[in-house]
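What follows is one structure encoded as structure tokens, with my remarks underneath.
The values are calculated or read from the model by the stated rules, or taken from the named source; none is laboratory data. Small disclaimer: the values here were computed from a predicted structure and weren't measured. Backbone-built Cβ (ideal geometry, glycine too); neighbour counts: all protein chains shown. The accessibility values were calculated without ligands, DNA or RNA, using every heavy atom of the protein model including side chains. Shrake-Rupley method; radii C 1.70, N 1.55, O 1.52, S 1.80 Å.
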Amino acid sequence: MDVQQIIFQFVGGIGIFLFGLKYMGDGLQRTAGDNLRSILNTFTSTPLRAVLAGAAVTALIQSSTGTTVLTVGLVSAGFMTLTQAIGVIMGANVGTTITAFIIGLNISDYALPIIGIGALFLFFFKSQFISSIGQVIFGFGALFYGLDLMGNGLEPLQHLQIFSDLMVWLSDNPFLGIVTGSIMTFVLQSSSATIGILQQLFSQGAMTIEAALPILFGTNIGTTFTSVLAAVGASLAAKRTSAAHVIFNVLGTIIVMLVLSPFTSVVNMMASAFNLNPELQIAFAHGVFNLLSVGVLIWFTPQLARLVSRVIPGEEDTIEMYEPNLDYSLIQRSPAIALDQTKHEIIQLGKFVLEEYNSMFDYYLNQNKKSYDHVLKIEDVVDRIDIQITEYLMYISVEDLPMRNSNEHAQMGEIGKYLERMGDHTENILKNIEEVNDAEKAQKKNGKIEDENILYNENLIELFHLVKQNIEEALQAYEEDNHSIAGKVIKREKDVNDLEESIRRTYISNLNKGIGKPSDGILFVDIVSNLERISDHSVKIARHSLGIRYPFTRQVMNAKGEKFVNS
């Protein structure tokens, strides 16, 4: 075989192998649907469960990098903590060993018939599910066909003296073996491809186990390069998850390298005991290596999380990336559970609105630019969540709902809109405050010294606090179904209205006396009006918590006989 044929077979074999691996993984992912994200999102409550979830998802999609990307998304969206993510990453390393064991089955003789069966499923069936199964089968066959071509291309290397010398050199220099494995994995963008090459070389006797193991360990470090590149310029959560991936894989390699000699003896002993072929021997070594790393480091998951947070300091703002957890598959199967999910997201929407209000209030008191930007950022998220909740409720509305659920559905639609409007009013106040502050700065720049800004007085600050209380307690009443707290909100509304009226009268009186700046008049009135409307929407939410839709047709009284609402 000439050099050109060797190169062509090797390069072509790698190409078909990588295509088969990705095609099979994509088919498995399409077959699993949204379950992959659900597995990672749901089954990560403990480090062990996180490891198992990571291993399961990686086994399904045949890509530890793909699992890491999913994990980064969940961490960024606030669905998963860094500690949980570390467990998933550990599991991803275990799950990726499945590919090595598949390769170890050594069924290359049947690769072409398998490809043919996969093609039949792909081209002769219209069902999306069967087509996905065909994609898995076709990819499976292509993987082994690529391995066969790659092996044929590598076979002559065992007779080259320079290659034999290189393998002896790597056997004597384990560190260089790790570097070689890392670079090969980075170049090929697949640890499975590097391991496949190792398995072919080892099976042909072109490489000893002593030379193969350090290269094998290096593949774990090589897989981190992709996640590092993906995290450049990304969120803090993405950077920390990527850093955790690097730290875990490097520490795992160090641990096993410290016991390389006994580890090699164990691999040889188990290969003899179970009569493993060379490919399975490499797969076995890979599996034991990752299980050993996880077995040692899983006990230090919290410490790893703290280390990563110190290596990459900062505070993550996950609000902008928040995505409502609304499962559309539940709508037909269980509309009642779908409504429960909706209520959870409405409560979360309320928390965002409250945070938006608090940031606006901070800007009012301190003219903090960070608070100003934070309000605008949250308002965009509030609008987006409101649209998604509204759409979800529309899909639920076509289902047959019992009367109780039907009323709850209507209530959720109204409360969602109240919260969205509260966010709008909050943004209006923010813009009004900004206009007043800009006008003041311009006057000072022109050397005009005016009276104290009329927007900053005790009564208005008190109104801000009363409205804030109403938002907090209205949300609490809705979340806890607490009639007593809802009643407090409704009773406090009279104080809000009285204070608003008092502020307006005082302001007009002061203007008549020449106190204050008339230019602030419209903005001042707008701020007070928007605060009063925010409070009105809080009261409407509280009244919903009492089981009465607005407007009301009956009285609600507490145990003491106090009337909350007049019909």
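The figures follow:
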| read-out | value |
| --- | --- |
| 3J(HN,Hα) from dihedral phi, region 299-311, Karplus parametrisation 6.51/-1.76/1.60, rounded to Hz, x for glycine, proline | 6, 10, 4, x, 5, 5, 4, 5, 4, 4, 5, 6, 5 |
| Which listed pairs, of Lys370/Lys488; Lys22/Lys377; Lys343/Lys468; Lys377/Lys468; Lys369/Lys488; Lys343/Lys377, have C-alpha distances above 29 Å, in listed order | Lys370/Lys488; Lys22/Lys377; Lys369/Lys488 |
| Extended-chain gain in nm, criterion 0.36 nm per residue less alpha-carbon gap, Asn497 and Lys351 | 50.1 nm |
| Calculated FRET value between Trp169 and Ile312, using beta carbons and R₀ = 22 Å, to 0.05 | 0.05 |
| For region 383-436: accessible area per residue (Å², 1.4 Å) | 46 Å² |
| Computed label-point distance, nm, for sites Val266 and Tyr456 using a 7 Å Cα→Cβ extension | 6.7 nm |
| Inter-site label distance for Glu479 and Leu365 at 7 Å from Cα along Cβ, in nm | 2.1 nm |
| Fraction of accessible area attributable to carbon and sulfur, region 340-435 (%, probe 1.4 Å) | 49 percent |
| Segment Val187-Arg49, extension gain: residue separation times 0.36 nm, minus the distance between their alpha carbons | 46.4 nm |
| Rg to Rh quotient for region 290-395, alpha carbon positions, Kirkwood Rh | 1.15 |
| Efficiency of FRET between Gln4 and Met257 - r from beta-carbon atoms, R0 35 angstrom, step 0.05 | 0.35 |
| Efficiency of FRET from Cβ geometry, Ile107 and His344, R₀ 30 Å, rounded to 0.05 | 0.05 |
